[in-house]
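Reviewing the structure listed below.
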Amino acid sequence: MKKLEKMLYECQIGMYIDELIKLKSGFIVYSKYVEDKSWNYFTCFKAFSRRSFLKLWEQAKDKFLELNRKPYIALSPSTRLAFGAKRYFDEHFELEERVTVMLCRGFDKKFDLDSDYTFKRIDNNLEKEVFINTFTTSKTQVLPGDTYDKLPSYYFDALRASFEHSGEWEFIHYLSYYKSEPIGMVSVCKKGEYAGLYGGGTYAKFRGKGVFTNLLNFISQQLQKEGVKYFFGITEKDSKNERYYNKLGWNEAFEIDMYYEQ
């Protein structure tokens, strides 16, 4: 669990997160492009008293002010609050969002689309613009019943910047096609046995046909061949998305709760 949580934070650096800013205890997750709370928060800290928590939180809030971000706290499995700190926290903070980290258990899922649909891992240099255009189109076509909202433009800026990223984590991008035309996409970060899922979507008129499901099955099997044992993603707790991943053979590994100060 501890190793998986560490990999969760690491693999996001360069995709939507720019850095982990270390404090005396814990760290701030920060995104230069994306303003959402999911990519800007204080976490993995230990506070053994009310006083130590307040000192830590003031340091974090000062940093958030400097970064021009709203201060949020994420309580994850690595966060520790002693009794006095927990009591103060419960009195002064309110739950904003509960997310679940899902772990793939269905590497052996089969495909059920006809041969008009194909899937491909792209060449990040030659096909970068194709992927970005597909991402942009799929994430701005929102229909009633979709599991995600229209993304703000800063997500597209972050995606474009991620193609310049270099480091231990490999960023892999996949496209789904219908009769040789791109209709959907998924991004993955990979390092050794671990891989994280980010930013999947399908064109509006192809939704509900199993395109994303089959692309995800294709990716999970490709990753398994490359030695990946832990393929994970993040979604809102008790959501339509979580139920969808459960049907695909994904299960909760742990929760992360997002709080703001009242």
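The values are calculated or read from the model by the stated rules, or taken from the named source; none is laboratory data. If you're wondering where the values come from, they're calculated on a predicted model, not measured in any experiment. Cβ atoms come from the backbone with ideal geometry, glycine included; neighbour counts cover every protein chain shown. Just the protein is used for accessible areas: all its heavy atoms, side chains included, with ligands, DNA and RNA removed. Shrake-Rupley method; radii C 1.70, N 1.55, O 1.52, S 1.80 Å.
Within the range 97-110, can one find any residue that is open to solvent by 60 Å² or more (accessible area, probe 1.4 Å), at pLDDT 95 or above and of a type in the set (D, E, K, R)? Let's see the steps before the verdict.
Initially, the range 97-110 is screened for residues open to solvent by 60 Å² or more (accessible area, probe 1.4 Å), giving 98, 105, 108-110.
Checking the rest, the ones that are also at pLDDT 95 or above come to 98.
Now restrict to residues that are of a type in the set (D, E, K, R): 98.
Checking the range 97-110: at least one residue is open to solvent by 60 Å² or more (accessible area, probe 1.4 Å), at pLDDT 95 or above and of a type in the set (D, E, K, R).
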### Message
So if I check each of K55, K61, which one is open to solvent by 30 Å² or more (accessible area, probe 1.4 Å) and within 24 Å of the chain's Cα centre (by Cα)?
### Response
K61
### Summary
Only unsatisfied item for I132, checking (1) farther than 21 Å from G233 by Cβ; (2) in contact (Cβ under 8 Å) with a residue 24 or more places away in the chain; (3) of a type in the set (A, V, I, L, M), is (1)
### Query
When only residues in the range 152-181 that are acidic (D, E) and surrounded by fewer than 15 Cβ atoms within 10 Å (Cβ to Cβ) count, which is modelled with the highest pLDDT?
E181
### Task
Please go through the range 148-192 and pick out each residue that is in contact with a helix residue (DSSP H, G or I) (Cβ under 7 Å, 6 or more places away or on another chain), basic (K, R) and not in a strand (DSSP E or B).
K150, R160
### Task
Only residues that are charged (D, E, K, R), more than 24 Å from F206 (Cβ to Cβ) and in a loop (DSSP other than H, G, I, E, B): list them for the range 69-126, please.
R69, K70, R105, D108
### Query
Applying the selection to the range 204-222, what residues are over 22 Å from V99 (Cβ atoms) and open to solvent by less than 50 Å² (accessible area, probe 1.4 Å)?
A204, F206, G210, V211, N214, L215, N217, F218, Q221
### Query
Does at least one position in the range 84-94 carry a residue that is open to solvent by less than 20 Å² (accessible area, probe 1.4 Å) and under 18 Å from the mean Cα position of the chain (by Cα)?
no
### Task
Examine the range 89-101 for a residue that is closer than 22 Å to G192 by Cα, in contact with a strand residue (DSSP E or B) (Cβ under 8 Å, 6 or more places away or on another chain) and in contact (Cβ under 8 Å) with a residue 24 or more places away in the chain, and state whether such a residue exists.
yes
### Query
Would the range 133-140 turn up any residue that is assigned to a loop (DSSP other than H, G, I, E, B), within 28 Å of N246 (Cβ to Cβ) and open to solvent by less than 60 Å² (accessible area, probe 1.4 Å)?
no
### Query
Applying the selection to the range 182-203, what residues are open to solvent by 10 Å² or more (accessible area, probe 1.4 Å) and within 20 Å of D36 (Cβ to Cβ)?
L197, Y198, G199, G200
## Note on the structure
P152 vs (1) over 30 Å from F53 (Cα atoms); (2) more than 22 Å from the chain's Cα centre (by Cα): all pass except (2)
### Query
Quick one: how many residues across the range 111-158 are in contact with a Gly (Cβ under 6 Å, 6 or more places away or on another chain) and among the aromatic types (F, W, Y)?
0
### Message
If I go through the range 223-262 residue by residue, how many of them are within 19 Å of I172 (Cβ to Cβ), in a strand (DSSP E or B) and either open to solvent by 60 Å² or more (accessible area, probe 1.4 Å) or modelled with pLDDT under 90 (or both)?
### Response
2
### Message
Where the second residue is β-branched (V, I, T) and in a strand (DSSP E or B) and the first is over 19 Å from F45 (Cβ atoms) and open to solvent by 10 Å² or more (accessible area, probe 1.4 Å) and lies in the range 14-32, which pairs have Cβ atoms under 9 Å and are six or more apart or on separate chains?
### Response
K32/I17
